[in-house]
Amino acid sequence: MKSNRNRMPYYILIIGLLALILLLPAMIVLPFDDKAKLIAQPTQSDTVIPDEPIVLNSEVDVSVYKTEAKAIETLPLEDYVVGVVASEMSTDFEMEALKAQALTARTYIIKMLLSQTDLNLPEGADVTDTVLHQVFQSDAHLKKAWGKDYEYKINKIRKAVKETEGKILTFEGKPIEALFFSTSNGHTQNSEDYYPSSFPYLRSVESPWDKDSPKYYYQQKFSVEEVESKLKVKLTGDGEVGKVLKRTSGNYVDEIDINGKKMTGREIRVNLNLKSSDFTILKKDDQVIVQTRGYGHGVGMSQYGANGMAQEGEDYKQIVKHYYNGVEITDTKAYTAKLTAQK
């Protein structure tokens, strides 16, 4: 007869198997429960917050004369600013650069609405949609132009406008001439170096970031006959054309002598439709080659400079105060109140 002691291992084995059978479902389910908890409660870095609709508030409207359609479109001021920023600056630019552009666009239109001095506008229009004022594209036009990228791009622009909403640039309590351009030659210009008027906030400043702009260098070719006709000069001999007599504070051509005729750098730029008034003119046989540095008039805020500053971590306030000396960022309420009172 076998002893009970010999039977004990069998009882232990049976009890162990029963416990395993009972626990096995829980062992299988627990890891998936933990995973479900992780999915339901994601970490901060994994959280995707859906974009909320960006609502822009405007107290006044802007009537834009659309030159191609020969019609006037009236829309809220902040929506107008969206259409300008979307047209005047690349959506690939940094957010802080886009905010700086939004400030300039809003400042320009507020000043324009307050002055009401442009008598060449069609009746009922405040501005045109061209470079004569500020380039503007309607939302419908942007949808067509951007296609599948529309939602991403318009949301980025609207965010920039929203985060500067109701703010403009002022100097001594008045909206400034918020001039801007694409790319400098490394410096901006004093306003009187290019335009007739001198403004204390439009002073020449360094803009080294522009050298990384794809528009920093440019070369144009002309026939000798074309240059002679447009500049009303006679070109003789090969080599560099003209002698630069004076440069501006930003190192753009101020005055040049071409075969006895003195002209300003701006005159050369306008007559030859050059990208910049910082240029070098070379003649070789029957061809004239003009090399320029920078793109635009060079007064005010450089757009590529603004983007370069933003890439280095500067915010839009620092950007505008670099390019516009001594300005303040001011609430528009006092100015929009004047506009609504006029209506």
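The values are calculated or read from the model by the stated rules, or taken from the named source; none is laboratory data. Given the structure is predicted, the values throughout are model-derived calculations rather than measurements. No Cβ is skipped: glycine too gets one built from the backbone with ideal geometry, and neighbour counts run over all protein chains shown.
Being touching a Gly at 6+ places or on another chain (Cβ under 7 Å) and not hydrophobic (A, V, I, L, M, F, W, C) is the filter here, so list the residues in the stretch 59-102 that pass it. Across the stretch 59-102, the qualifying residue is only 63. Among the residues of this structure, residue 265 counts as one that is modelled with pLDDT of 95 or more, under 26 Å from residue 209 (Cα atoms), out of contact with any helix residue (DSSP H, G or I) (no Cβ under 8 Å at 6 or more places or on another chain) and crowded, with 22+ Cβ neighbours inside 10 Å. Of all residues assigned to the stretch 175-192, none qualifies as being assigned to a helix (DSSP H, G or I), without any contact (Cβ under 8 Å) to a residue 24 or more places away in the chain and outside the structural domain of residue 333 (by TED's automatic domain parsing).
Mind telling me which of the residues 276, 223 ends up being within 19 Å of residue 89 (Cα to Cα), not assigned by TED's automatic domain parsing to the domain that holds residue 189 and not acidic (Asp, Glu)? Residue meeting the stated conditions: 276. When the criteria are applied in full, residue 246 meets the requirement of being outside the structural domain of residue 302 (by TED's automatic domain parsing), loosely packed, with under 14 Cβ neighbours inside 10 Å and within 26 Å of residue 305 (Cβ to Cβ). Summed over the stretch 120-147, the residues that are of a type in the set (A, V, I, L, M, F, W, C) and farther than 13 Å from residue 108 by Cβ give a count of 6.
Checked against the criteria, residue 276 counts as farther than 16 Å from residue 234 by Cα and more than 17 Å from the chain's Cα centre (by Cα). Annotation: of all residues in the stretch 227-243 being assigned to a helix (DSSP H, G or I) and of a type outside the set (A, V, I, L, M), the one that is nearest to residue 194 (Cα to Cα) is 230.
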